[in-house]
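Enquirer: Provided herewith is a single structure, encoded as structure tokens, for subsequent inquiry.
What follows draws every value from the coordinates through simple rules; no lab data is involved. These numbers come from a predicted model, not from an experiment. All Cβ positions, even for glycine, are placed from backbone atoms using ideal geometry, and neighbour counts span all protein chains on display.
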Amino acid sequence: MYAVIFGRAGCPQCARVKEVAERIGKKQKEFEWRYVDIHTDGVSRAALEEAAGKPIETVPQVFIDQKHIGSTSEFNKYIRKHFGWFA
């Protein structure tokens with residue numbers, strides 16, 4: 001399982017999702033992830049919307065195995081469902 005988290009500097013929710021991903025990665029060998037700063041890496045809102053297949057209003061946006069999961073609350077639900085716990 002490979003997660004990509006799109007966020008930006010100064011975003012508290014982005015920091016929280018990164019924290020959760022880091023903890024999961026330490027506990028679950030099959031979980032790998034990377035963080036993409038949308039400003040530093042030049043990812044436009046239009047590109048995120050195209051990848052997600054819908055309008056994007058906030059960050060973070062999480063994709064797992066190239067499937068759009070959503071933002072913080074959707075990521076937390078996904079973690080509970082697939083790992084049975086919340087980091």
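Enquirer: Residues with amide H under 5 Å of Ile69's amide H, sequence separation 5 or more or different chain, H placed in the peptide plane at 1.01 Å from N; which?
Expert: For Ile69, whose amide H was placed from the backbone, the distant partners under 5 Å are Val62, Phe63, Ile64.
Enquirer: Moving on to the next point. Which loop chymotrypsin sites (Phe, Trp or Tyr not before Pro) in region 11-87, with loop taken from DSSP, have no more than 16 other Cβ atoms within 10 angstrom of their Cβ?
Expert: Of the chymotrypsin sites (Phe, Trp or Tyr not before Pro), the ones in loops of region 11-87 whose Cβ has at most 16 other Cβ atoms within 10 Å are Trp85, Phe86.
Enquirer: Mind telling me which of Gly53, Gly25, Gly70 comes out most flexible in a GNM of the chain, alpha-carbon contacts under 10 Å?
Expert: Of Gly53, Gly25, Gly70, the most mobile in the Gaussian network model is Gly53.
Enquirer: I've got another one for you. Rounded to the nearest 0.05, what FRET efficiency is calculated for Ala46 and Lys81 with R0 set to 30 Å and r the Cβ-Cβ distance?
Expert: Numbers: r = 30 Å, r/R0 = 1.00.
Once rounded, the FRET efficiency stands at 0.50.
Enquirer: Can you pull the one-decimal nm distance between simple spin-label points at Arg16 and Tyr2, each 7 Å off the Cα toward Cβ?
Expert: The modelled label-to-label distance comes out at 2.8 nm.
Enquirer: Moving to a separate point now. So I have (i) 46, 35, 18; (ii) 34, 30, 19; (iii) 33, 25, 19, and one of them is Cα extents along the principal axes in Å calculated from this model. Which one is it?
Expert: Identified label for the calculated read-out: (iii).
Enquirer: Comparing Thr58, Thr72, Thr40, which has the greatest mean-square fluctuation in the GNM of the chain with Cα pairs linked when under 10 Å apart?
Expert: Judging by the Gaussian network model, the answer is Thr40.
Enquirer: Tell me what the chain gives for mean residue ellipticity at 222 nm when only DSSP H runs of n ≥ 4 count, each as -39,500 (n - 2.57), the sum divided by the residue total, rounded to 500 deg cm²/dmol. The partial results should precede the final answer.
Expert: On the way: 3 runs with 36 residues, N = 87.
Estimated from H runs of four or more residues: -13000 deg cm²/dmol.
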